[in-house]
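The values are calculated or read from the model by the stated rules, or taken from the named source; none is laboratory data. From a predicted model like this one, the values you see are computed outputs, not experimental measurements. Cβ coordinates were reconstructed from backbone atoms using ideal geometry, including for glycine residues, and neighbour counts include every protein chain displayed. Heavy atoms of the whole protein, side chains included, go into the accessibility calculation; ligands, DNA and RNA do not. Shrake-Rupley method; radii C 1.70, N 1.55, O 1.52, S 1.80 Å.
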Amino acid sequence: MSRLLVKGARLLGTESSDLLVVDGVITEVGSLAGTSADETVDADGLVALPGLVDLHVHLREPGREDAETIATGSAAAAAGGYTAVLAMANTNPVTDTAEAAERVLDLGRACGLTEVVPVGAVTKGLAGAELAELGLMARSRARVRVFSDDGHCVHDARVMRRALEYLKPFGAVVSQHAQDPRLAGPDACCHEGEVSGRLGLPGWPGIAEEAVVARDVMLARHTGSRVHVAHVSTAGTVEVLRWAKAQGIDVTAEVTPHHLVLTTDLLAGYDPVYKVNPPLRPQEDVDALRAGLADGTIDAVATDHAPHARHDKQHAFVDAAFGMLGLETALAVVSDTLVRPGILDWADVARVMSAAPARIARLAGQGQPLRVGSPGHLVLVDPDREVTVDAGTSRSRSRNNPWHGATLRGAVVTTVYGGRVTHTTEREPTTATGSSL
Ligand SMILES: [Zn+2]
């Protein structure tokens, strides 16, 4: 029997409480003075949230272990406060069979730092033509419930419709990388607008995303099935989602930390670290994404953690790979840019980074409130600690971190997964205000 005692944590940022986790389950919450434990965590002044759940990560294994592995990605997840991550299917080979999904599941379990949940491909080889083994993946040991061709859009409406119909009885969902390939163009590498014109870079118009989201919410209504929109990036998409939800259509959506903060203006220096798909957009889109997250139109924050080896990313802007790291900085970015100015409170953070993503992915053991009977997955956050991001100290195997050098307030101190501490940083000594040391 293992007993972990967490002392004096502020549950969702409110009242201070102790928590006892026995054999991976929360068994007591309250004032637990005198309770014995094998391990005690001093959480005085720290905010306790349910373990974070990321709907969208790329762990690159199998196939691109030079950029990330399930082990290094799991370590980055634990350092970021995550107790579950959904590993996208665009590996080599693609996760488009039950065996491939089970392999990812087993590799994740062998690491034991976070729950690694395989996402299944919608179409064979992500080619967009023929449905993958959706039923076999759903019925496999991996119990796949999220399907995505992420990196590619399921652009054929007939294929999308069939996938939605097929997945409906499983309660599974298609997570769509919404981007009409005909509207976007093969060479697009940034947002189509004033900045792309000035820099002479081929751009993606926002309409390439919005048109597919509009089509997909109508397909969700027609089939009665669920659609999830990955990495929403435009104000127009937020409008479509708001309308669809008002109609009662079963649609959910996620936004990345980078789309909530960074804008297309950063491309002025042609730094490939800011090259991402979907692209960084203008400030008015960023504002709409923040408003959509705050009012519940967007359900979740997901990182789209996309590690790339230096030899793929360190190129001229047009030739560099798309994507940026996110797992280790997401909580700090959300804390600094949304909690500190009062756009979200800690209960909202628990909703958008844990409860909602767990519900969307049908992960019964994740995203549960911190109360007796819930699984012992939690993260302790110091809301006042300032950390300057150093890409060089990342647990990820890659270094394409757009936050390098940024100072963010709000830091993950300890992550507990199934009652085990999977990550912890040194606490800074607490000093009373005005004391001279
Ligand atoms: Zn994507």
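Overview of values
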| item | result |
| --- | --- |
| Residue list for the range 167-187, restricted to those being of a type in the set (Gly, Ala, Ser) and touching a residue at least 24 places away in the same chain (Cβ under 8 Å) | Gly171, Ala172, Ser175, Ala178, Ala184 |
| Condition met for Ala188 (of a type in the set (Gly, Ala, Ser), at pLDDT below 95 and part of a loop (DSSP other than H, G, I, E, B)) | yes |
| Of all residues in the range 356-408 being at pLDDT 95 or above and assigned to a helix (DSSP H, G or I), the one that is surrounded by the fewest Cβ atoms within 10 Å (Cβ to Cβ) | Arg359 |
| Within the range 105-123, tally of residues that are in a helix (DSSP H, G or I) and either open to solvent by less than 10 Å² (accessible area, probe 1.4 Å) or of a type in the set (D, E, K, R) (or both) | 3 |
| Qualifying residue in the range 313-329 (condition: surrounded by 24 or more Cβ atoms within 10 Å (Cβ to Cβ) and more than 16 Å from the ligand (Cβ to nearest atom)) | yes |
| Condition broken by Ala76, with the remaining ones in (1) under 22 Å from Pro383 (Cβ atoms); (2) at pLDDT below 95 satisfied | (2) |
| Candidates Val301, Val286, filtered to the one that is away from the ligand (no atom under 16 Å from the Cβ), at pLDDT 95 or above and open to solvent by less than 10 Å² (accessible area, probe 1.4 Å) | Val286 |
| Residue list for the range 80-99, restricted to those being surrounded by 24 or more Cβ atoms within 10 Å (Cβ to Cβ) and more than 16 Å from the ligand (Cβ to nearest atom) | Gly80, Gly81, Tyr82, Thr83, Ala84, Asp96 |
| Every pair of residues 6+ apart whose Cβ atoms lie under 6 Å, when the first sits in the range 225-253 and is over 25 Å from His305 (Cα atoms) and away from the ligand (no atom under 16 Å from the Cβ) while the second is open to solvent by less than 20 Å² (accessible area, probe 1.4 Å) and not small (Gly, Ala, Ser) | Ser225/Leu164; Val240/Val213; Arg242/Thr297; Ala244/Val217; Ala244/Val251; Ile249/Val217 |
| Listing of helices (runs of 4 or more DSSP H) fully contained in the range 201-283 that carry 3 or more residues being more than 18 Å from the chain's Cα centre (by Cα) and assigned by the TED database to the domain that holds Ala294 | 206-223, 235-246 |
| Residue within the range 125-145 that is polar (S, T, N, Q), open to solvent by less than 10 Å² (accessible area, probe 1.4 Å) and in contact (Cβ under 8 Å) with a residue 12 or more places away in the chain present | no |
| Residue list for the range 1-55, restricted to those being outside any loop (DSSP other than H, G, I, E, B) and at positive phi | Gly8, Gly30 |
